[in-house]
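All remarks here apply to the structure that follows.
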Amino acid sequence: MKRSLGVCYYPEHWPEDIWPEDARRMKAAGLTWVRIGEFAWSRLEPEPGQCAFGWLDRAIETLGKAGLRVVLGTPTATPPRWMIDQFPDMLAVDAQGHPRKFGSRRHYCFSHRGYLEACRKIVTELATRYGRHPHVAAWQTDNEYGCHDTVLSYSDAARTAFRDWLAQKYQSAEALNRAWGNVFWSMDYRSLDEIDLPNLTVTEPNPAHVMDFRRFASDQVVAFNRAQVDILRRHTHAPIAHNYMGRITEFDHFKLGADLDISSWDSYPIGFLSDRLEASAEHKAAYLRQGDPDFQAFHHDLYRAVGRGRWWVMEQQPGPVNWAPFNPSPLPGMVRLWTWEAFAHGAEAVCYFRWRQAPFGQEQMHAGLLRPDSAPAPGLAEAAQVAQEAAQMPEAGCCAGDVAVIFDYESAWAWETQPQGADFNYFRLVFAWYRALRSLGLNIDILPPDTQDLSRWKLVLAPGLATVSPALMTAISDCPGTVLLGPRTNSKTVDFAIPEGLPPGLPGLDARIARVESLPPGVNVPLEGGGAFVHWAEEIEGTAPVLLGRCDGSAALVGDDRCAYLGGWPDDATLRTILQTLCAQREIEVFDLPEGVRKRDASGLRFWFNHRAQPVQWNGFEIPAAGVFWHGLD
């Protein structure tokens with residue numbers, strides 16, 4: 001599939017007489033896709049049961065006549081005000097017991113059956129009307145599941161649904177009591193109807209209770225999305241997508257993505273640098289107008305895995321955003337760099353958010369490709385440049401990874417439930433390993449935790465997997481390459497207990513974690529030859545060969561060239577050295593990249609990205625500041 005560009009557009013925000021000129025300008029800029037409709041429920045159904053599709057008919061026809069292809073969104077992220085009158089208890093409830101009020105978006109509980117039925121009705125109306133429309137070439141379900149902390153709801157509807165979920169899983173209170181270890185603190189239940197939601201307890205609730213609630217909540221999101229997909233499948237052959245977000249782990253994206261054709265995500269590099277990334281003040285200052293060099297790439301690779309190879313960027317930042325603590329403008333060239341970076345990781349399409357900056361509402365400070373007065377914003381010229389360049393390029397796709405990293409949403413929930421250290425975070429841990437690989441110029445594949453075949457990769461990394469399934473354990477044993485597992489791997493059973501034989505319990509590796517400690521900022525555990533463990537360190541017992549020691553004489557890294565275990569969280573430089581050594585042992589080519597420069601191979605091309613604010617001379621060529629350079633692979 002050829003690489004293509006698109007934009008998010010809200011025809012209901014603008015006078016109808018400017019739609020044709022907007023469509024003409026989109027086409028002239030080289031755009032192909034236009035996403036519409038995902039927030040328009042109040043205009044599609046202004047009164048209960050009274051649909052008004054005329055304006056949407058005309059909008060789709062206007063865009064289609066201009067040669068544009070429509071991505072039509074289901075509007076279920078923004079139920080209209082009258083919906084609250086029908087279902088006053090449909091609102092999600094936060095952990096403190098407060099309802100999430102109307103007046104913004106995502107104000108619904110995934111467990112409310114009445115609201116789910118209302119969603120089925122509006123999706124059915126849209127699907128029957130537009131499912132075979134020649135200009136509607138793709139669909140998007142809802143918008144940004146998980147945004148604004150909306151997966152976990154502590155409503156009455158959620159309590160009822162959770163009890164049903166537990167009944168299906170455990171069948172009896174006795175089985176649940178055994179699994180949860182409810183003998184502790186006299187927490188035994190006589191009936192599943194006695195079980196409440198794990199909030200507002202005096203101190204922390206039972207972690208097994210919390211983990212099941214997290215699994216339940218994720219399953220509710222998956223079921224809510226599936227209800228829409230099932231309807232769409234009956235009426236359209238167009239691909240169906242959902243737009244995920246950056247660093248959102250509240251639900252299992254792999255399970256939800258299994259029902260979709262395309263995985264997409266919303267990429268806001270500068271906003272994420274300020275809002276969602278642990279980094280030094282110096283790092284954030286250096287990349288203030290560019291975004292972190294690895295954060296977007298991580299999600300490109302993650303959502304490529306979630307989409308089983310098919311993925312888009314549904315929203316790409318084109319200028320300053322409105323929602324981060326600070327919102328600087330991108331450097332000239334960054335919109336182009338971000339777009340090409342997505343294409344280099346295999347994106348089929350990159351869509352910019354949004355066409356015209358809104359002069360009203362919550363997002364009026366969010367830049368678009370046009371200013372509010374319809375004059376071009378800086379991002380428009382860069383998008384047009386990419387469109388011209390992409391037209392001359394090979395089809396979208398990326399090369400297979402040199403190495404693989406396993407990512408597991410349940411592990412994120414586990415370490416949020418029982419972090420044991422205030423700064424221990426699963427995403428942060430995995431991202432540190434990913435970033436170290438990227439700094440070595442490696443192509444990376446991200447894998448789900450149920451992967452059963454690791455034979456394609458010479459090096460596989462799996463830091464922090466709370467529980468290793470039997471299937472994955474077999475895959476690790478059969479892997480012909482090197483598997484490196486990291487701190488806390490396999491340290492919990494599926495019922496959130498410490499395994500009887502002590503972790504990590506890896507086949508052929510005589511190693512046991514006798515004790516762990518979390519380390520506050522400024523404290524570390526020195527390693528032989530330099531470097532240190534930070535955040536987390538483990539004491540390893542057993543006869544497994546020691547590959548790296550601690551200065552206190554105990555083991556830090558044990559194993560062999562097939563399977564190794566790292567009993568701590570190394571500082572960045574130490575982690576990079578460990579991975580470089582493993583790559584050398586497996587004859588994986590690495591690069592000593594300059595700060596801020598990254599590489600990705602795709603479709604017979606090698607791309608070099610310079611995220612720095614200064615040009616870089618390296619390896620016989622110059623990469624401009626905030627720029628991208630590519631050449632053919634021999």
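General observations
- With N as its number of residues, the range 156-210 has a Cα radius of gyration that, divided by 2.2 N^0.38 Å, comes to 1.06.
- In the chain, the calculated helix contribution to ellipticity at 222 nm averages -9500 deg cm²/dmol per residue, counting -39,500 (n - 2.57) for every DSSP H run with n ≥ 4.
- Loop-located trypsin sites (Lys or Arg not before Pro) in the range 51-160 (DSSP state other than H, G, I, E, B) with a sparse environment of at most 14 neighbouring Cβ atoms within 10 Å: LYS101, ARG132.
- Of all beta bridges that DSSP places with both ends in the chain, some 45 percent have antiparallel geometry.
- Within the shell of other residues whose beta carbon sits under 12 angstrom from the beta carbon of ASN243, the net charge comes to -4, with Lys and Arg scored +1 and Asp and Glu -1.
- Largest-first ellipsoid semi-axes for the range 193-290, taking √(5λ) over the Cα gyration tensor eigenvalues, angstrom: 30, 28, 8
- Mean separation of Cα pairs under 8 Å and 6 or more residues apart, divided by the residue count, gives the range 156-210 a relative contact order of 34 percent.
- Cα gyration tensor category, rounded, prolate or oblate, for the range 325-466 with a/c compared to 1.5: oblate
- By the count of neighbouring beta-carbon atoms within 10 Å, fewest first, LEU72, LEU302, LEU633 end up ordered LEU633, LEU302, LEU72.
- Cross-link partners of LYS169 among lysines, defined as those whose alpha carbon lies under 23 angstrom from its own and excluding same-chain residues fewer than eight positions apart: LYS255, LYS492.
- Order by protection proxy (mean Cβ within 10 Å, highest first), peptides 344-357, 21-34, 590-603: 344-357, 21-34, 590-603
- Ranked by how many other beta carbons lie within 10 Å on average, peptides 178-190, 139-151, 304-316 from highest: 304-316, 139-151, 178-190
- Fewest-first ordering of TYR434, TYR303 by other beta carbons within 10 Å of each residue's beta carbon gives TYR434, TYR303.
- For the chain, hydrophobic long helices are taken as DSSP H runs at least 27 Å long by C-alpha position along their axis with mean Kyte-Doolittle hydropathy of -1.0 or more; these are 207-235.
- Burial ranking of peptide ranges 470-479, 363-372 (average Cβ count within 10 Å, highest at the top): 363-372, 470-479
- Remark: the range 403-585 carries a charge dipole of roughly 420 debye about the Cα centre, counting +1 on each Lys and Arg Cβ and -1 on each Asp and Glu Cβ.
- Cα gyration tensor shape for the range 1-40, rounded if a/c is under 1.5, else prolate or oblate: oblate
- Semi-axis lengths, largest first, of the ellipsoid equivalent to the chain are 40, 34, 20 Å, with √(5λ) applied to each eigenvalue of the Cα gyration tensor.
- Under 30 Å from the Cα of LYS27 - lysines, other chains or at least 8 residues apart: LYS2, LYS65
- The mean sequence separation of alpha-carbon pairs under 8 Å and at least six residues apart, normalised by the residue count of the chain, gives a relative contact order of 11 percent.
- Centre separation in Å (Cα based) which lies between the range 322-357 and the range 39-104: 26
- Electrostatic tally near GLY464: other residues with Cβ closer than 14 Å to its Cβ, Lys and Arg +1, Asp and Glu -1, net -2.
- Point-charge dipole on Cβ atoms (K/R +1, D/E -1) for the range 156-210, about Cα centre, debye to 20: 140
Each reported figure results from applying straightforward, stated rules to the coordinates on display, with no laboratory input. Keep in mind that what you see is a predicted model, and the values were worked out from it rather than measured. Heads up, the Cβs are rebuilt from the backbone with ideal geometry, glycines too, and the neighbour counts pull from every protein chain shown.
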